[in-house]
Amino acid sequence: MRAIAVFSVLLIVSASASAQAPTGSGQIPVEERLKALEEKIRALEAEVQALRAAQTPAPTGEAATAAGPVAAPTAATTPTGAQLPVYGGSSAAGTNVLNPGLSVIGNFLGRMGRNRVRPVRTLEMHETEIALQAIVDPFARADFFVSVTPEGVELEEGFLTFTSLPGGLVAKVGKMRAAFGKVNALHNDGLPWADRPLVTENLVAGEEGINDAGFSVSRIFAGPRNLFLEATGEVFRGESEDLFTPTRQRDVSVVGHFRGYKDLSESTNIDLGFSYARGYNDAGPDLTTNLYGVDATFRWKPLRRAIYNSFLARAEFVWSQREEIGFTQRAFGFYTSGEYRLNRRWTVGGRYDRSERALAANETDNGFSAILTYWPSEFSQIRGQYRFARYFGKQDANELRFQFLFNLGAHGAHPF
């Protein structure tokens, strides 16, 4: 009714104005002006009715049954003819709200050359990783990674993260990769190489790494001079391939990691970490293996050209102390690496390895790699790696390894 009153007032005003105006060639006829006003008022009435319908609560219970089927809402139009958005008219938008995010990563490996000490298959679908990740509630997040390999199917990681604990603590519980150094925490698709360094193979349980069932507690806090600090403590069941072997229920393993991060400028930062791991080994009851690690990472990523040019340098040092019956076997290993992004598609890199073996410190392996990576898009990588290794006893291995990585779906970010 209010709109009709407005229309009447506008009609009277327009009529009187038209009666007083001269009928020159520049005047708009009265009928056209009234018609334009009428169209505008009708459009305003349609918008008012749409707003009232949106504010009216839907009938419930018996009232809803008596009202019968509700007609689907129709799209209102603006004076210009464009459709107004209609919200809540379809249930399709909410069908996937409760489903976890799903992604699949394929990792295909090939090799040419010779390696008699640690041979790998010539061609293989090395791993297919299926990730399911979701927010459980406002206080927790769940991440599951299932690994499908030629050897079978296994749960690579599956853990629940509690993000809102008192005191600024963050806790994880489940099966997870330990926070020992940098490489151990990364999945195969997150590595800048087609393999893992010799120090990982010799001292930190190879590709599987320290990956076990347990729980983790970490806290982030600010240090002096804009220094970012993070402390992590973890307790595991105590079973890691070729590294920790429990014989009793109480033979758990522990891991600690302390990390410091600082921005040197808007484009560069440095990351320094210290790690410790302790667990029981298979040499005898109550005999342990202790690992000490230091890792350092330097990044250069200009904000405006990060997808075209960047540089990352990383080094990791590991000391092993394995208790044997009557003595302690000590070993040391490290790697250094660097990678430079030439442009949006190409990245070049190199890595140097040197590591003693955990069971025989007088047996040392050396090697280096040259890596070239092509990025067709952010969802795939093609990598070639020339790898030379001189194992103990002057057993040389020359290999050309190539890798194809491809991603289906939105995969969560890797540890920074």
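Is it true that some residue in the range 387-402 is farther than 20 Å from ASP242 by Cα, at pLDDT below 95, under 20 Å from the mean Cα position of the chain (by Cα) and assigned by TED's automatic domain parsing to the domain that holds ASN202? For the range 387-402, residues farther than 20 Å from ASP242 by Cα, at pLDDT below 95, under 20 Å from the mean Cα position of the chain (by Cα) and assigned by TED's automatic domain parsing to the domain that holds ASN202: absent.
With respect to (1) assigned to a loop (DSSP other than H, G, I, E, B); (2) under 24 Å from THR128 (Cα atoms), the lone exception for ARG344 is condition (2). Taking residues in the range 260-278 that are in contact (Cβ under 8 Å) with a residue 40 or more places away in the chain, and partners anywhere that are acidic (Asp, Glu), the pairs with Cβ atoms closer than 6 Å and at least 6 places apart or on different chains are GLY273/ASP295.
Considering the range 290-321, and only residues there that are under 23 Å from GLY260 (Cβ atoms) and of a type in the set (Val, Ile, Thr), the residue that is surrounded by the most Cβ atoms within 10 Å (Cβ to Cβ) turns out to be VAL318.
Listed by position, the strands (runs of 3 or more DSSP E) enclosed by the range 243-317 that each have at least 3 residues that are over 25 Å from the mean Cα position of the chain (by Cα) and closer than 24 Å to SER355 by Cα are 268-280, 288-300. In the range 134-152 there is no residue that is touching a helix residue (DSSP H, G or I) at 6+ places or on another chain (Cβ under 8 Å), among the acidic types (Asp, Glu) and either closer than 27 Å to THR297 by Cα or assigned by TED's automatic domain parsing to the domain that holds ASN362 (or both).
Consider the range 322-344 and keep the residues that are out of contact with any helix residue (DSSP H, G or I) (no Cβ under 8 Å at 6 or more places or on another chain) and in contact (Cβ under 8 Å) with a residue 60 or more places away in the chain. The one that is surrounded by the most Cβ atoms within 10 Å (Cβ to Cβ) is SER337.
Residues of the range 105-130 that are under 17 Å from GLY206 (Cβ atoms) and surrounded by fewer than 17 Cβ atoms within 10 Å (Cβ to Cβ): VAL117, ARG118, PRO119, VAL120, ARG121, GLU124.
Is it the case that some residue within the range 402-413 is outside any strand (DSSP E or B) and either touching a helix residue (DSSP H, G or I) at 6+ places or on another chain (Cβ under 6 Å) or surrounded by 15 or more Cβ atoms within 10 Å (Cβ to Cβ) (or both)? Yes; the residues of the range 402-413 include at least one that is outside any strand (DSSP E or B) and either touching a helix residue (DSSP H, G or I) at 6+ places or on another chain (Cβ under 6 Å) or surrounded by 15 or more Cβ atoms within 10 Å (Cβ to Cβ) (or both).
Residues that are among the charged types (D, E, K, R), at pLDDT 95 or above, in the same structural domain as LYS175 (by TED's automatic domain parsing) and touching an Asp or Glu at 6+ places or on another chain (Cβ under 8 Å): does the range 272-294 have at least one? No - not one qualifying residue is present in the range 272-294.
The values are calculated or read from the model by the stated rules, or taken from the named source; none is laboratory data. This one's a predicted model, so the numbers in the text were calculated from it and none came from an experiment. So basically every Cβ, Gly included, is an ideal-geometry build from the backbone, and we count neighbours across all protein chains shown.
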